[in-house]
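The values are calculated or read from the model by the stated rules, or taken from the named source; none is laboratory data. If you're wondering where the values come from, they're calculated on a predicted model, not measured in any experiment. For neighbour counting, all protein chains shown are included, and Cβ atoms are generated from backbone atoms with ideal geometry for every residue, glycine included. Only protein heavy atoms, including side chains, enter the accessible area calculation; ligands, DNA and RNA are left aside. Shrake-Rupley method; radii C 1.70, N 1.55, O 1.52, S 1.80 Å.
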Amino acid sequence: MSETGLVQILEGALLAAGKAMTVAQLADLFEEAERPEKSAIREALQEVAERCEGRGFELTEVASGFRFQVRQNLSPWVARLWH
């Protein structure tokens, strides 16, 4: 893998995707020779989630995979974007 770390790659991919992504879909971002194990991807996703602590967004696992979302307690303010 390049000098870019797995955590950064996953953060960027999840942000750019704009939808939930499964571990398998995240693994498919890599060429076969450099593809990390699914367990390494899950560990990196845990680090991404930890990095979100204290921020206005979080990494959440939903039925369709992992996604970034705004924290629920911020909904009164964020909802005003669509008034």
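If we count every other residue with Cβ under 12 angstrom of Thr60's Cβ, Lys/Arg +1 and Asp/Glu -1, where does the sum land? Intermediate results must be reported in sequence, preceding the final value.
Values: positive: Arg67, Arg71; negative: Glu58, Glu61.
Overall, the nearby charge balance is 0.
Considering just Cα atoms, how many Å³ per residue does the convex hull of the chain enclose?
Value for the chain: 102 Å³ per residue.
Filter the GluC sites (Glu not before Pro) in the stretch 10-83 down to the DSSP loop ones having no more than 14 other Cβ atoms within 10 Å, then list what survives. Before the final figure, lay out each step's value.
Working: sites: Glu11, Glu31, Glu32, Glu34, Glu37, Glu43, Glu47, Glu50, Glu53, Glu58, Glu61; in loops: Glu31, Glu37, Glu53.
Qualifying residues, ordered by number: Glu31, Glu37, Glu53.
Quick one: accessible surface of Leu59, probe radius 1.4 Å, all protein chains present, in square angstrom to the nearest 10.
About 30 Å², ignoring ligands and nucleic acids.
If I fit a long axis through the Cα atoms of helix 6-17 and take the longest principal axis of the Cα atoms of the chain, what angle between them do I get, 0 to 90°, rounded to 10?
Orientation of helix 6-17: about 50 degrees from the principal axis.
Relative to the longest principal axis of the C-alpha atoms of the chain, give the angle of the C-alpha long axis of helix 38-51, reported between 0 and 90° and rounded to the nearest 10°.
Tilt of helix 38-51: around 30 degrees.
Less than 12 Å Cβ to Cβ from Ala27, Lys/Arg counted +1 and Asp/Glu -1: what total charge do the surrounding residues give?
Every neighbour counted, the sum reads -2.
Explain nothing, just the number: dipole magnitude of the chain about its Cα centre with +1 on each Lys and Arg Cβ and -1 on each Asp and Glu Cβ, in debye rounded to the nearest 20.
Here the size comes out at about 580 debye.
Show me the trypsin sites (Lys or Arg not before Pro) within the stretch 1-61 that DSSP assigns to loop and that have at most 14 other Cβ atoms within 10 Å of their Cβ. If you can, show how the numbers build up before the last one.
Values: sites: Lys19, Lys38, Arg42, Arg51, Arg55; in loops: Lys19, Arg55.
Within the stretch 1-61, the qualifying trypsin sites (Lys or Arg not before Pro) (loop, at most 14 other Cβ atoms within 10 Å) are Lys19, Arg55.
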